[in-house]
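The values are calculated or read from the model by the stated rules, or taken from the named source; none is laboratory data. Please read these numbers as outputs of a predicted model, since none were measured by experiment. All Cβ positions, glycine included, derive from the backbone under ideal geometry; neighbour counts span all protein chains shown. Accessible surface is based on the protein model in full, side chains and every heavy atom, while ligands, DNA and RNA are left aside. Shrake-Rupley method; radii C 1.70, N 1.55, O 1.52, S 1.80 Å.
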Amino acid sequence: MRAESSAIDRTGIAVTGVEPPASVPPRGPVPADRRSGTLQAALGVTAFSLTFPATAWGLEGFGPWSLVTVRCVLAAVLAGGCLLALRIPRPARRHLAGLAVVAAGVVLGFPLLTTLALRTSTTAHAAVVVGLLPLTTALFSALRTGARPSRTFWVAACAGAAAVIAFTVQQSGGALTGADAYLFGALLICAAGYTEGGRLARVMPGWQVIGWALVLCLPLSVPGALLALSYEPVHLTAHSVTGLLWVAVGSQFLGLVVWYRGMASIGIPKASQLQLAQPLLTLVWSVLLLGERLTPAAPLTAAAVLVCIALTQRARG
């Protein structure tokens, strides 16, 4: 298969088919592109913030293995249909290893481990994972891509992560549960998937990154779904169907599309810090959708997190 050449377009995302002259370095994103990238990453965070409440709804009618495998199949069918309709060529062989990391971490690993954790954990406690994810993603990015954010960036990122962790642990009463092993495992593999996906989104459109990762999982997700559905009882309700559709279409595909585009435009470390707001958004949705109650610490934590986000976005990498 012929490797496609690439060039950077005005949005900072690589497009195929054009190779720039060797003497002209690719242009970095302009301020308007950074604003667009920040907006897209923020939309991705908003979509992700609904994942835990939607998963809780889905577990009302599906078993954990059924919910994860069926959501992967539905998202893969949607992504594969888009790839076929637009006649997108297969990714180059050199990108397959990176796509496999995205598939293992973002498509299968994180959804499975967090779904297993949510059987016994509240959404507030599970938000600990999301609170640590920005810092872990930045660490993976530094190791994988050689990114070296400034000291101010790291101080603000650590402070924001600490604030979110303290808040979510307080929300769960400070008790650690057996679900923590699932949550911390999900944290590590998702950070690896985010980092690799953000890197690939610089050489192919973000929606193709997650699209091909979903398609690569079909040989596992289809037989897995058939097996899980044969063993786990299914009770279709409005909540369970809505939860399944959201995690499949919103979280697993559309949210990741805008998220990877945002990371490609503004960089993996800065985009990852926008996720500091995700646990707080998740708690808001948990109140509205699941009837959970927030403590008075919520607005104080929100203010601290917003300050940290502002600092990380202004810090020079």
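At-a-glance table
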quantity: Those residues of the stretch 79-108 which are farther than 13 Å from GLY197 by Cβ, open to solvent by less than 60 Å² (accessible area, probe 1.4 Å) and touching a residue at least 40 places away in the same chain (Cβ under 8 Å), in sequence order; calculated: ALA79, GLY80, CYS82, LEU83, ILE88, ALA92, LEU108
quantity: Number of the exception - VAL307 against (1) buried (at least 23 other Cβ atoms within 10 Å of the Cβ); (2) over 19 Å from THR136 (Cα atoms); (3) among the β-branched types (Val, Ile, Thr); calculated: (1)
quantity: Matching residues, the stretch 146-179, being open to solvent by 20 Å² or more (accessible area, probe 1.4 Å), part of a helix (DSSP H, G or I) and over 22 Å from MET263 (Cα atoms); calculated: ALA162, ALA163, ILE165, ALA166, VAL169, GLN170, GLN171
quantity: Some residue of the stretch 214-236 being buried (at least 16 other Cβ atoms within 10 Å of the Cβ) and modelled with pLDDT under 80; calculated: no
quantity: Count of the stretch 196-207 residues which are surrounded by fewer than 24 Cβ atoms within 10 Å (Cβ to Cβ) and closer than 25 Å to LEU67 by Cα; calculated: 1
